[in-house]
Each structure stands twice: as C-alpha cells, then as structure tokens.
Amino acid sequence: MNAEVNFHPTDDLLAKFVRDELSAGMIVVIAAHVEQCQVCTQKTRDFEQTASIEWMEDVAEEADTAEQSAFADMAAKITSLPQIKESRQDDSVQHEIHVLDHSVRLPKVLAKLAAEGLVWKKMAGGINQASVALDDKTQCEFIYMKPGSQVPVHRHEGSEVTLVLDGSFRDDLGDYRPADFVVRDRSHTHQPASDEGCLCFAVLDSPLTFTQGLARLMNPFLKYRFWRATSAG
Amino acid sequence: MSTLAGKSPRREQPNPQPARTTGDTVRPGEEAADQSSDEELLIAVGNKQDRAAFNLLFGRFAKRIFAMGIKLTRNEQLANDLVQEAMLTVWQKAPMYDLDRGTAQSWIFTLTRNRCFDMLRKIKRQPMTVNADDIWPTVEDQDSDLIHEEKGSFYAEVDNIESYYGQLPDAQRAVVEQIYIHDRTHEEAALELDIPLGTLKSRLRLGMGKLRQLVGTVE
C-alpha cells in the first residue's frame, strides 16, 4: 500500500463501485486504485456496510412462498459440500510487467488483464498504448509515456480516468505519482507530460479530441478506433 | 464498523426452516438459536460446520439474494441460481470470514454482489479475464498488516488477556500465542506448529476475533 496517495476517486464513485453500478472498465480502474490505497480500502468497506444495510431493508421485492420451498432443498445440498479452510493464493498470475528497462509490479486485477498479453502500439509524442477489452462502454488501455514525452493537447468528450502505476506525469493541474487516480472530463483541456517516464492504466468513456495543430488530424481516426474498440465482441 | 455485541432483533420474519439438529457437529446446549446475531451464526458455520446455523443464515438472507437477482436479471431461474451460488460461497468461505472486515451482513452482501457480477458478465458474454474476486477481494490474501498494527493498542487496552486464552480452542490459542506472545512471524509460527501457513492465518484470524469479542473491543 502506498502511504502517500494524493488523488482519489470521489465518494460517489466509490459508493457506486461497491454496488457494481459502473462500467466494468471503471470498476477495474477503481479496484486497482483501492488495492493500493489504504484510505479508499477503508472507505470501500464502509460503503459496503451501508449498501448491505440498504439491501436488507429493501422490501420492495420479496420472494413468494413458492420460492421458499425451492430454497429448502438448496440449503441441504449446500451443506453436504466441503468448506474451504484457507484462502488459496493465485500464483498463476505474473504480477510484473516489463517496460523498457525495468519491471513494474501491478495491482492484482491489472496483472490479470496484462497476463492475457499486451500488444503495444506506438502513438505520437513518445506514447505507447496497449488496449484491453473489458466491456462495450469504455476504452481501456495501458499507456507508457517515455521519459521526456508529451501527449498533444487534447480535450475529452466524456471522461477519462488515469491511474498512475509507475513513474509520474504532470499536467497544468498537478503532478501525479503511483496510485494517484486522475479524472479529466470535457471541461479540461490538458497536455500530460512525463519527465521520468510513466506507466498508467487509462479508462475512457468516449474518444479524445485533440485541439491543436497536426494532432487534430488524428481525431477522425481516434473516433474510429474508439468505435472499433467498443464495438468489438 | 458496528459492534457485534448486540444481538440482531430486527428480523421480523420467522425463520421458514426450523433449525436442524441432525448435524453431528451440533452438541446439545450449543445449537444455533434464532436470536443469535448473524456474526455468531457465521462463526459457528466457519468453526464447526454448524448446519443449523447455516440454515438460519439461509433463512435470513436467501430472500434478499433472490430479490437482488430478480432486480438485475428479471429472471426467476437466474435469481435462484444466484441464491445457490451466493449461499454456497457463504458456506464454503465461512471459515475465512474475518470479523475485522465488517458485519456478517456486509460480508454476505459482498459475496452476493461478486457472484452476481460474474453471472451477468457471463450472460452478456463479456470477457471473463477478470472476475469479481479480483476486483473486490472478499477474504484477505496475505494482508496481515492490519492484525500486526493492532498489536500495540490491543495490549495497552487489555490488562488481563491471559484469562481469556482459556476460552479459545487449543489450536487457535497456540497460534495466537506464537504470534503475539513469542512475536514470531507467520512463517516461523507455521513451522513451529507444523501447520500450513494458510491454516495458521485462518486460526489466527478466528482466534483474534473471538478474543476481541470476549474483551468487548470489537471496533
């Protein structure tokens, strides 16, 4: 766990996270942050507690008596099965990812994703991206910014969450270090840059729009790429 | 985190299934009673494979789980499947329930949500690369830091902890002593007691939970 995390998901996001009320992409990026953040781990447990109380109090939909009889057999069947005495550690997942000259330890949920095999693509400005498919609403990718790289100025149609995994990056609103959870939406036009290099995991719920120079030519392709990413499977 | 000291008198529904006492693990005089708290029942299920306690938990939670299933799938069969999957997980993982983690109700909620998440992704044919237990871990893996951090305050608050040891099952007491009296690491204690590390950790967790209940410092 990182003691010093400066940027966290909002309480609203965490409350939806524990209730499974977000896209899978958003849930995964929040999970990866929570795993590294003691503050959000505790908050998550508090929100789970609250959610469970509401769940028990919600009497809107009750099972009818027919269901009750189906339940009677079920309990007996279940208790005829053995219990699990100790938590198994999943050693099959490699937690490290190799970027250029060093390896980075990933949060468990991202390690699982990366274990499927990442295909890195070179983008403009010293940026490399590897997309992963999680759902049909978001575009999720690992982003590696080389030392000294800069993403062209862009704006988001929807929102983008970036979780720093290693190294750091900055934009005009701040400096971001490992486990920081950075949210940008359409009101922000920003130009992320990294001096020391940075590995991130990003979740977008709509395409980027570049706002300056030649990079604007990329826009139609990005939209196409986003459409491809979110309509596959 | 709420206290476990109080019973939960909030159930307005009588238990639809009378507690079974046929299980060989239930001894006369210590059967799970309908007024036991969720936590007491869950711990009995985890410690003694107490079927009567499980039946009571089933009676308290199955309808809620079913309702969640109906809400999310609009399908009775799937909602029934969810009840089965979730309650099976409760039974199977009860030995790993950790009082530090929260109330039994909260824990069962998280298990249900997790089974639901996996079920819905399967139905929608979304990639199963990550599953719910990767996203929301419901039992601690190697995370014993919290237990260790509590060591100082635990000792400071409890003058006469030894007197409570007598009430712990032998196996749990041995583990707690190794860690808290002899200050061994988990690995050393497991070697010393000649038990697997995972067994040691679950015994430690249960033992500490019980002690905390006895001492009345369930925070």
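Readers should treat all values here as calculations from the given coordinates under stated rules, not as data from a laboratory. Since this is a predicted model, take the numbers as computed values, not measurements. Glycine also receives a Cβ, built like all others from the backbone with ideal geometry; neighbour counts cover every protein chain displayed.
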What distance in nm lies between label points placed 7 Å from Cα along the C-beta direction at A:GLN191 and A:GLU96? 3.7
How large is the convex hull of the Cα atoms of region A:1-53 per residue, expressed in Å³ as a whole number? 63
Under 5 Å between amide H atoms, partner at least 5 residues away or on a different chain: which partners does A:GLY197 have, H built in plane at 1.01 Å? A:GLY148, A:SER149, A:SER168
Karplus-derived 3J(HN,Hα) from phi for region B:192-198 (6.51 cos²θ - 1.76 cosθ + 1.60, θ = phi - 60°), whole Hz, x at Gly and Pro, runs 4, 8, 6, 10, x, 4, x
Of the cross-linked pairs A:LYS121/A:LYS146; A:LYS85/B:LYS63; A:LYS112/B:LYS122; A:LYS108/B:LYS124; A:LYS77/B:LYS201, which ones have a Cα-Cα span greater than 21 Å in the structure shown? A:LYS85/B:LYS63; A:LYS108/B:LYS124; A:LYS77/B:LYS201
Can you tell me which of B:184-195, A:20-31 comes out highest on packing, and rank the rest after it, using the mean Cβ neighbours within 10 Å? A:20-31, B:184-195
Under 5 Å between amide H atoms, partner at least 5 residues away or on a different chain: which partners does A:LEU134 have, H built in plane at 1.01 Å? A:CYS140
Using just the Cα positions, wrap region A:105-165 in a convex hull and report its mean projected area in square nanometres, one decimal place. 5.0
Points 7 angstrom from Cα along the Cβ direction at A:LYS122 and A:GLU157: gap in nanometres? 2.8
5 angstrom amide H check on A:ALA179, placed H, neighbours 5+ away: A:VAL164, A:LEU165
Sequence order, region B:116-124: Karplus ³J(HN,Hα) from phi using 6.51 cos²θ - 1.76 cosθ + 1.60, θ = phi - 60°, Hz rounded, Gly and Pro as x, gives 5, 4, 5, 4, 5, 5, 5, 4, 7
Karplus 3J(HN,Hα) series, Hz, for region B:58-73 with 6.51 cos²θ - 1.76 cosθ + 1.60 (x for Gly, Pro): 4, x, 6, 10, 4, 5, 5, 5, 4, 4, 5, x, 5, 4, 8, 10
